[in-house]
Structures are given as C-alpha cells and as structure tokens.
Amino acid sequence: MRRWLVNPIGNEDEARAVLARQKASWADGTRLSWAVEMESTVVGHFVIKAANPPETLATGVGYWTVAEARGKGIASRCVQTATDWLFGGQDIMPADEIELLHTVGNEGSCRVAQKCGYALESVLAPMPPKFPSEGHRHLRKRPA
C-alpha cells in the first residue's frame, strides 16, 4: 500500500499528525474522511476533498484499502456513495464535477474509476516532491 500513498504513515507521531489534520479539515469543510471497517477491523480509508488549485481542479475523491480487502468492491462502493452524495443536492460541498487522481500504474484505482463512471480526462505530469510520478485524472460530471 505504501507504494501508492502520497503520505505514508511510518510511526505513531505521524499517525497523530494525520488525525489532527483530518480533524481540522472536517472543521473547515475542506476534507471529509472516514475509516472503512470490516468485521471491526480498519481495512481502508475514504476521503472527499474540496478543490485545491493547482493540485486539484475539482472536488475529489480518494481512498485506499489494505491488501486483504481488495477485490471485494469496497473502494467502488465508497466512490459511488460519495459521487451520489456530492451530486445529490447537499450543500456542505457542492460539486459540478468530481475528479479521481491516481498514479499511472495503479491499475486497481483505474478500474475503480472506470467502474464508477469516471472517464480518463488526462495524464498529469509529475509534480515533485509530493507527486514524483505521472498521474491519471479521471473526471465525472454532474448529470444534466
């Protein structure tokens, strides 16, 4: 999993810092995130992110799952649920389009995007140090 994460967590202090950032972003409405549990065990993480130009141009979705949870449709259900919520008329984080970004080569994320109706919009150039590799930008627009 560390291969694809932008900010891998290596120790307890880093984990506490991540949790503090997530609490702050919930408070300011820029990032809404959830742990994904299966049988009382955390098997993933899901996030809805407000646009943050130039890194992200639209409201975005992101996720990860542990190896044991992959192939069970967890990420796809999270993305579809968030998509429905974002386009469903809520006023917390209104969106006309949603982007899903991932590193080129992350075939699992590409499959999730396609399964949930996100079209490959472009290949993004690397933006080191945070994004050292090319990325895919998938996009889904609000239905007319």
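Every read-out reported here was derived from the displayed coordinates using simple, explicitly stated rules and does not represent laboratory data. Just so you know, these numbers come straight off a predicted model, no measurement behind them. Positions of Cβ are generated from backbone atoms using ideal geometry, with glycine treated the same way; all protein chains shown enter the neighbour counts.
State to the nearest 20 debye the size of the charge dipole of the chain about its Cα centre, where the only charges are +1 on K and R beta carbons and -1 on D and E beta carbons.
200 debye
Express the relative contact order of the chain as a whole percentage, based on alpha carbon pairs under 8 Å and six or more residues apart in sequence.
17 percent
So what is the calculated 222 nm ellipticity per residue for the chain, using -39500 (n - 2.57) for each DSSP H run with n of 4 or more, over all residues, to the nearest 500 deg cm²/dmol?
Helices in the chain give a 222 nm mean residue ellipticity of -8500 deg cm²/dmol.
Just to be sure I understand: with springs between alpha-carbon atoms less than 10 Å apart, which residue in ARG16, ARG111, ARG70 has the highest mean-square fluctuation in the Gaussian network model of the chain?
Comparing ARG16, ARG111, ARG70 in a Gaussian network model of the chain, the most mobile one is ARG16.
Taking H as built 1.01 Å from N, whose amide H comes closer than 5 Å to the amide H of LEU124, not counting residues under 5 places away?
Correct list: GLY135, HIS136, ARG137.
Run the count for the range 12-141, please: Lys pairs, Cα-Cα under 20 angstrom, 8 or more apart or on different chains.
So the count of such lysine pairs works out to 5.
Over the Cα atoms of the range 12-141, how large are the radius of gyration and the largest Cα-Cα distance (Dmax), in Å?
14.6, 39
Return the loop-located GluC sites (Glu not before Pro) in the range 33-90 (DSSP other than H, G, I, E, B) with at most 16 other Cβ atoms within 10 Å of their own Cβ; answer none if there are none.
GLU39, GLU55
Go through the range 65-74 residue by residue and turn each phi into a ³J(HN,Hα) via Karplus (6.51, -1.76, 1.60, θ = phi - 60°); whole Hz please, and just put x for glycine and proline.
9, 6, 3, 5, 9, 6, x, 10, x, 5
For VAL123 and VAL66, FRET efficiency with R0 = 25 Å and r from the beta-carbon atoms, rounded to 0.05?
That pair, VAL66 with VAL123, gives E of 0.35.
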